[in-house]
Structure formats: structure tokens, C-alpha cells
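**Student:** Okay, handing you the structure first.
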Amino acid sequence: MTRWDTAPYSLRQLQYLVAVAELGGFRRAAEACGVAQPSLSAQIAQVEEVLGIQMFERGARGVRVTAAGARVIERARAVLLASRDLADTARQHSDPLTGTVRIGIIPTVCPYLLPEVAPALRAQLPNLHAVWVEDKTHALLEQIETAELDGAILALDPRVTHLEHAPIGDDPFVLAAAPGHPLAKRSGPASPDVLEGETVFLLEDGHCFRDQALALCGATGAREADLKATGLSTLVQMVGGGCGVTLLPKLAVPVENRRGQLAVRAFKSPAPTRRLILAWRKGSAMKRPLDAMANVIRKRM
């Protein structure tokens, strides 16, 4: 039989524990939680007394989580996640297309897709308020797991197979170079092997588009340029100046080549392509609004 005993701690106390562990200090945790530091410290001391373990070691270099505390905090995160899902489930039962949805989006998609789809989402799902967060894939995945985000627009790759997702469109790669570059003077779609021996500018580590482009370069014998860019605009400026070539997602071309400084060639079929998805945690109560959002976005791809 299920026991319904009152828990010896509150959700708020669990939030304090997790905040201290993640931020590495009581002062920063108190500021993040909007509470006075003495109050937060007293609440954590109460939990430590009830559970009979020391959660944190306090020292001159800051706060460290004890081995016993790490196990408790791992469970605390799970409880807080279940609590958020419980609230979402109740809200979704009353009206699944009402409320706030927190969505992540990768940098190689955000500036090219969001200005197009945000107005469409507001028009077609007027009672859903989308809060957008731009970040790299690994950071967005962490935020989905901790329920800081309800979902994220990502490129489909092995890191996201544990999530549920809805496809929103395929985004082929294109070859971009200065108009005077030898590869730009050829007509028609390019085969990937034209990259052999070329210097190709790529994004820095952490971008999923870099991983996909790097795989293509490795298969064709291309050389990576010494510069690792933080964004596609840097790649465009470098190759526009005649320094080499780059690969761009087709989605980005209208924005990045708006001044016509690049010659852009498609690749022969089957062209290298990334599949864009809207992904969320398995079993999430936000599945219905996220599916609805994916349907709107898909029509704008």
C-alpha cells in the first residue's frame, strides 16, 4: 500500500539544495532563488538535520557537495522535475494550447528561422507564449533534462535519440566562396569531392553544424582553416574576402548573403543535409503544444 506520510522537507528546500550545488555558493544561490542568505542557510541546515547527513563542505575556496549530498541532490533534481511535470499535466488537461512554453534553438538556426516563425506562432497559437533561448546543442540538452526548457529546435544527431521529437524540415548544405574563386566559376551543382585540397572555414567546437561539415570535409580530403569561428557571419566574411571556402546551411543564405558577396552552389543529389527537429523529454506533458508548434514551423521551412 502506498504511504502518504508528509515529506520531512519542502520543494522549496529541494530547490535551495540544487541551487547551492549548481552555483557553488550560498550567496549566489540565495540571489538566484530570491531569498535572504541566512534564510536559505537555515533551510538547508534543517534538511541536513532531518536527513542526518552533511550536504555541503564549506571552506575558504567555496562550497563543495559531499558524496552523500550528491546522491540526495540527484534525487532532488528528479523530484523537482516530476513536480514541474505534474503542474504541466494539470494545465495541459484544462487547455493544452494555453500558457508559457520554453523553447531552445541552436545558433545556426535561430537568426534565420525565428524571425519567420515567431509571428506565425503568435498568429496561429495566440494563447501560447513562447520564451526562446539560443544556445549550443549540449547546453540545450542539459536544460531539457533539468526541465529548464520544455523543448528545443535542434539538428537530428545521435545525441538527441533519447528525446521525443517532431521533424520540422530538411536543411541542405551549400558551398560558398568569393565570386572570383575557381569553385565559384563553375556552373551547376557541385559534387563533394570538389573540396579536395581546399581550405574550408568551419565553426568552433560545440556547434552541431561544425560536426556535420567536418565529417564531409574529412571524407573529401579538404583542409580545415586555422580560424574556428563563433558564428556563420564570420565564415561569410572570411570567404567573401577570398580566403577560402565554407559550407553554409541553405536556411542561412538569404540573410548571410544579402549583400551578394558570395557565390553559392548547391551540391549534387543526394546533397549533404541536416534534419531539423523540435525535441522534448519523453513523457513530457508539453507534447501537445510542442507538436502544434512543430506543425506551424514546418509550414514555414
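Throughout, read-outs are computed from the coordinates displayed, never taken from laboratory work. Model, not experiment: these values are computed from the prediction. Every residue, glycine as well, gets a Cβ built from its backbone with ideal geometry; the counts of neighbours run over all protein chains shown.
**Student:** Given the options ALA155, ALA78, ALA166, state which has the largest fluctuation in a GNM of the chain using a 10 Å cut-off (strictly under) for Cα springs.
**Tutor:** Result for the chain, Cα springs under 10 Å: ALA78 fluctuates most.
**Student:** Could you give me the radius of gyration and the Dmax of the stretch 170-274, taking only the C-alpha atoms into account and expressing both in angstrom?
**Tutor:** 12.1, 34
**Student:** Moving on. Given the pairs LYS228/LYS250; LYS228/LYS287; LYS136/LYS228, which are separated by over 27 angstrom at their Cα positions?
**Tutor:** From the list (LYS228/LYS250; LYS228/LYS287; LYS136/LYS228), the Cα-Cα distance tops 27 Å for LYS228/LYS287.
**Student:** When only C-alpha pairs under 8 Å and at least 6 residues apart count, what is the relative contact order of the stretch 132-210, in percent?
**Tutor:** 33
**Student:** From Cα pairs below 8 angstrom and at least 6 apart in sequence, can you work out the relative contact order of the stretch 170-288, rounded to a whole percent?
**Tutor:** Here the relative contact order equals 44 percent.
**Student:** Going 7 Å from the Cα of HIS138 in the Cα-to-Cβ direction, what parts of the stretch 154-187 have a backbone nitrogen less than 20 Å from that spot?
**Tutor:** Counting backbone N atoms under 20 Å from the label point, the list is 154-163.
**Student:** Please check the chain for the longest run free of GluC sites (Glu not before Pro) that are loop-located per DSSP (anything but H, G, I, E, B) and have at most 16 other Cβ atoms within 10 Å.
**Tutor:** That gives 1-147 as the longest site-free run.
**Student:** Separate question: For a label point 7 Å from the Cα of THR220 along Cα→C-beta, name the residues of the stretch 269-294 whose backbone N is under 15 Å from it.
**Tutor:** Flagged as within label range: 269-274.
**Student:** Equivalent-ellipsoid semi-axes (√(5λ), Cα gyration tensor) for the chain, whole Å, largest first?
**Tutor:** Largest first, the chain gives 45, 24, 16 Å.
**Student:** Could you tell me which residue out of THR220, LEU262, LEU203 lies farthest along the dipole of the stretch 170-274 toward its positive end? Charges go on the beta carbon: Lys and Arg +1, Asp and Glu -1, centred on the Cα centre.
**Tutor:** Highest projection toward the positive end goes to LEU262.
**Student:** Evaluate the relative contact order of the stretch 11-90 (contact order divided by residue number), counting alpha-carbon pairs under 8 angstrom at least 6 apart; express in whole percent.
**Tutor:** Reported as a whole number, the value is 32 percent.
**Student:** To continue, here is another question. Could you check the spin-label model distance between ALA82 and GLN237? Points 7 Å from the Cα along Cα→Cβ, value in nm.
**Tutor:** The modelled label-to-label distance comes out at 5.1 nm.
**Student:** Here is a follow-up. In terms of Cα to Cα distance under 17 Å, which aspartates and glutamates are near enough to LYS185, apart from those fewer than 8 places away along the same chain?
**Tutor:** ASP193, GLU196, GLU198
**Student:** If you don't mind, there's one more thing I want to ask. Separation between the GLU116 and ARG300 pseudo-spin-labels, each 7 Å from Cα along Cα→Cβ, expressed in nm?
**Tutor:** It works out to 0.9 nm between the two label points.
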